[in-house]
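The values are calculated or read from the model by the stated rules, or taken from the named source; none is laboratory data. Small disclaimer: the values here were computed from a predicted structure and weren't measured. Cβ atoms come from the backbone with ideal geometry, glycine included; neighbour counts cover every protein chain shown.
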């Protein structure tokens with residue numbers, strides 16, 4: 001089981017590094033917001049792998065808090081971008 005979790009953590013580390021590159025280089029705000037959302041998902045997966053490796057449920061509340069943070073931040077970014085984008089406004093007839 002240790003080999004599987006080590007490989008999983010390695011894959012998650014590489015994907016987190018790639019997401020950080022997209023977060024820094026993203027040409028638009030929406031790219032950066034999507035990268036931040038994916039980064040939170042990678043953190044969730046990493047904590048889940050650690051929970052599986054240790055066999056302890058101590059970090060389950062951390063998983064819940066991270067998932068709520070990811071959802072709330074995604075909704076906030078979408079609301080912010082939809083209000084700030086003039087192409088989304090309704091035109092008067």
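Only residues that are more than 22 Å from residue 78 (Cβ to Cβ) and either within 17 Å of the chain's Cα centre (by Cα) or surrounded by 15 or more Cβ atoms within 10 Å (Cβ to Cβ) (or both): list them for region 21-58, please.
21, 45, 46, 47, 48, 49, 50, 51, 53
One line per residue, one yes/no per condition, for (1) within 21 Å of residue 4 (Cα to Cα); (2) in a helix (DSSP H, G or I); (3) in contact with a strand residue (DSSP E or B) (Cβ under 7 Å, 6 or more places away or on another chain):
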| residue | (1), (2), (3) |
| --- | --- |
| 19 | no, yes, no |
| 22 | no, yes, no |
| 27 | no, no, no |
| 30 | no, yes, no |
| 38 | no, yes, no |
| 45 | yes, yes, no |
| 56 | yes, no, no |
| 62 | no, yes, no |
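Scan 64, 12, 18, 68 and give me the residue that is in contact with a helix residue (DSSP H, G or I) (Cβ under 6 Å, 6 or more places away or on another chain) and at pLDDT 85 or above.
Within the list 64, 12, 18, 68, the selection yields 12.
Note down all Cβ pairs under 7 Å where the first residue falls in region 17-35 and is within 18 Å of residue 80 (Cα to Cα), the second is outside any helix (DSSP H, G or I) and at pLDDT below 85, and they're at least six residues apart or on different chains.
32/26; 35/26
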